[in-house]
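Readers should treat all values here as calculations from the given coordinates under stated rules, not as data from a laboratory. Bear in mind that the values here come from a model prediction, so they are computed numbers and not experimental data. Glycine gets a Cβ as well: all are built from the backbone with ideal geometry, and neighbour counts include every protein chain shown.
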């Protein structure tokens, strides 16, 4: 069977540690251990044993995760994974078989699409467009998600567009899945990255055949912990767990200790506020930079994420632009073609404002050279 590389992650893994400015990632500037822990919390970390932890996740962490989702959720609904990426992988390994139809939303993070294709599934992409505000055409989705579809996969808030489903849209998506009898996989790792207002509502509790995934990577600035989770009915969690044992045994004990600390209400509020401040500051720098780009780069701002998914009005592919920026500016950005949207770049701005400003200055210089 032909294997499809995960192009975006492959591109990042090749270059992210060799450039001076990495703006291709999709989380905010990550914290270090010292800056967000109290002395008592540091002692708790130091007291963490380095034996094999509970394979499905420590009880304390699973309780903390379940609390995020309110009534109708408890630790038996939670499997702790090595990042949401492993959770997504387990969902595909558990629910999909060769020949299944899988529907994904484009532009989007193409992990599920790639894994489904590598498993021999037929992947159908439903396109969203900037001129529609990156809104999902639900009538088109309804026609696409038929009784032949095994799984509909969504990312909410979306990576890379930052679009967020309204309550009415979520209800319609659930209705479409229920009528087709298919599974709904909701990747919700960007929940909490909203620039204003309350966190995005979860699909949890809206449908019996739903699996939600999340992590502490994006909104919390803790991607190095590699702690994520899958949320599902207990019987589905058991099936995911059996595959988790084959792949990784368990997430790390110290990582789970830190994640449990991060999800305590006061600490969670602190980390989310930090993320919003960084995103606001970085977006302001992006707006300022765009005024000098003479219309060759445009941006439709979104309600969530620290990602600026910008459109390039140039006679070059997104990969060509990204490669020139990397080689001559030592700045890494994500080609839109790796996210299903040629002509765009994924640029993350949730870092210190001075870093974003200097990186964008270099991008502008390279674009000037390409234009001439």
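In the chain, what percentage of the DSSP-assigned beta bridges are antiparallel, given to the nearest 5?
Working: 19 of 40 bridges.
Of all bridge pairs located within the chain, approximately 50 percent are antiparallel.
In 10 Å bins starting at 0, how do the alpha-carbon pair distances of region 49-264 split up by percent?
Cα pair-distance distribution for region 49-264, in percent: 8, 36, 37, 16, 2, 0.
How far apart, in nanometres, would the label points at residue 284 and residue 368 be if each is projected 7 angstrom from Cα along the Cα-to-Cβ direction?
So the label points at residue 284 and residue 368 sit 2.5 nm apart.
Go ahead and estimate [θ] at 222 nm for the chain from helices alone: -39,500 (n - 2.57) per DSSP H run with n ≥ 4, summed, over the residue count, rounded to 500. Each step should come with its number before you reach the end.
On the way: 13 runs with 154 residues, N = 372.
It comes out at -13000 deg cm²/dmol, rounded to the nearest 500.
Starting from the Cα gyration tensor of the chain, take the square roots of the eigenvalues, sort them a ≥ b ≥ c, and report rounded, prolate or oblate (rounded when a/c is under 1.5, otherwise prolate if a/b is larger than b/c, else oblate).
Here the chain falls in the oblate category.
Take residue 175 and residue 208, extend 7 Å from each Cα along the Cα→Cβ direction, and tell me the distance between the two endpoints in nm.
About 2.0 nm separates the two model spin labels.
Quick check on the exposure proxy: order 367, 45, 79, 272 from fewest to most C-beta atoms within 10 angstrom. Don't jump to the answer; show the numbers that get you there.
Working: 367 21, 45 14, 79 30, 272 18.
The most exposed by this proxy come first: 45, 272, 367, 79.
Over region 49-264, what is the percentage of antiparallel beta bridges among all DSSP beta bridges, to the nearest 5?
On the way: 8 of 27 bridges.
Antiparallel bridges make up about 30 percent of those DSSP assigns within region 49-264.
Provide the gained length on full extension for the span residue 18 to residue 313, in nm with one decimal, where the gain is 0.36 nm per separating residue minus the Cα-Cα distance. Spell out each step's value before the answer.
Working: separation 295, 0.36 × 295 = 106.20 nm, distance 2.77 nm.
Fully extending the segment from residue 18 to residue 313 adds 103.4 nm.
Round to the nearest 0.05 the FRET efficiency obtained for residue 34 and residue 277 when R0 = 25 Å and r is the Cβ-Cβ distance. Can you show the working numbers first?
Numbers: r = 19 Å, r/R0 = 0.76.
Computed FRET efficiency for residue 34 and residue 277 comes out at 0.85.
Can you compute the FRET efficiency between residue 328 and residue 129 using 1/(1 + (r/R0)^6), with r the Cβ-Cβ distance and R0 = 30 Å? Round to the nearest 0.05. Spell out each step's value before the answer.
Numbers: r = 31 Å, r/R0 = 1.04.
With a Förster radius of 30 Å, E is 0.45.
So what's the gap between the Cα centers of region 141-182 and region 301-372, to the nearest angstrom?
A separation of 29 Å, based on Cα centres.
Quick one: if the Förster radius is 51 Å, what FRET efficiency do residue 148 and residue 43 give, using the C-beta to C-beta distance and rounding to 0.05? Intermediate results must be reported in sequence, preceding the final value.
Details: r = 55 Å, r/R0 = 1.09.
With R0 = 51 Å, the Cβ-Cβ based efficiency is 0.40.
For region 181-325, what is the per residue volume of the convex hull drawn over the alpha-carbon atoms, in cubic angstrom? Let's see the in-between values first.
Details: hull volume 26.4 nm³, N = 145.
Dividing the Cα hull volume of region 181-325 by its residues yields 182 Å³.
Quote the relative contact order of the chain in percent (integer), defining contacts as alpha-carbon pairs under 8 Å separated by 6+ residues. Don't skip to the answer; put the middle values down first.
Working: 729 pairs, mean separation 87.8, N = 372.
Averaging sequence separation for qualifying contacts and normalising by length gives 24 percent for the chain.
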